[in-house]
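The values are calculated or read from the model by the stated rules, or taken from the named source; none is laboratory data. Values in this document were obtained by computation on a predicted structure and should not be read as measured data. Glycine gets a Cβ as well: all are built from the backbone with ideal geometry, and neighbour counts include every protein chain shown. Quick note on the areas: whole protein, heavy atoms, side chains included, nothing else; ligands and nucleic acids left out. Shrake-Rupley method; radii C 1.70, N 1.55, O 1.52, S 1.80 Å.
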Amino acid sequence: MDGNLQQLTLFYDGTCPLCQAEILFLSSWNQDKLLRFVDIHSNQYDPEKVGVTCEQALAAMYGQYADGSLIHGAAVFPEAYRRANLRFLAWLCSRKSLQPFLRFSYQVFAKNRHAISGVIGPIALRLVQKK
């Protein structure tokens with residue numbers, strides 16, 4: 001693990017079962033406590049402090065480094081996986097050749113997450129909870 005990594009707070013949609021599954025998955029790998037998780041529907045989420053409206057946060061996954069800088073969309077995932085010490089996933093999601101596909105796929109998912117999550121979210125949640 002890179003000792004120079006800043007803590008990263010992930011802002012997620014707690015009403016989305018697939019989003020919940022991803023957060024549970026990351027939580028189980030968060031031994032170094034380099035990840036924090038904030039449901040944008042909770043009172044822990046302050047859009048003014050973060051600088052991201054609820055609408056923006058619902059449109060894309062956002063992360064905020066300890067220094068206050070923000071990242072969003074597909075760029076969040078390699079950073080989250082790096083902090084969870086999931087090296088292969090971090091490497092895979094950071095490949096330059098895959099970036100157009102990952103960005104496009106994430107945009108499609110973000111716009112349709114509740115429909116997609118309604119189908120595969122419960123299965124993903126059960127798999128993660130069995131761990």
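Based on this model, can you work out whether H114 counts as assigned to a loop (DSSP other than H, G, I, E, B), surrounded by 14 or more Cβ atoms within 10 Å (Cβ to Cβ) and more than 12 Å from the chain's Cα centre (by Cα)?
Values: assigned to a loop (DSSP other than H, G, I, E, B): no; surrounded by 14 or more Cβ atoms within 10 Å (Cβ to Cβ): yes; more than 12 Å from the chain's Cα centre (by Cα): yes.
Taking the combined requirement at face value, the residue does not satisfy it.
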Among (1) out of contact with any Ser or Thr (no Cβ under 8 Å at 6 or more places or on another chain); (2) over 15 Å from L8 (Cα atoms); (3) part of a helix (DSSP H, G or I) - the single one V128 does not satisfy: (1)
Kindly evaluate D46 against the criterion of being of a type in the set (D, E), farther than 23 Å from Q129 by Cα and more than 11 Å from the chain's Cα centre (by Cα). yes
With respect to Y106, is the statement that it is of a type outside the set (A, V, I, L, M), modelled with pLDDT of 95 or more, open to solvent by less than 40 Å² (accessible area, probe 1.4 Å) and part of a helix (DSSP H, G or I) true? no
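Taking strands (runs of 3 or more DSSP E) that fall entirely within the range 1-83, which contain at least 2 residues that are closer than 22 Å to V119 by Cβ and modelled with pLDDT of 95 or more?
Numbers: elements: 8-12, 35-39, 62-65, 70-72.
Correct list: empty, since no element meets the threshold.
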Out of curiosity, is L92 open to solvent by less than 100 Å² (accessible area, probe 1.4 Å), farther than 16 Å from E22 by Cα and of a type in the set (A, V, I, L, M, F, W, C)? yes
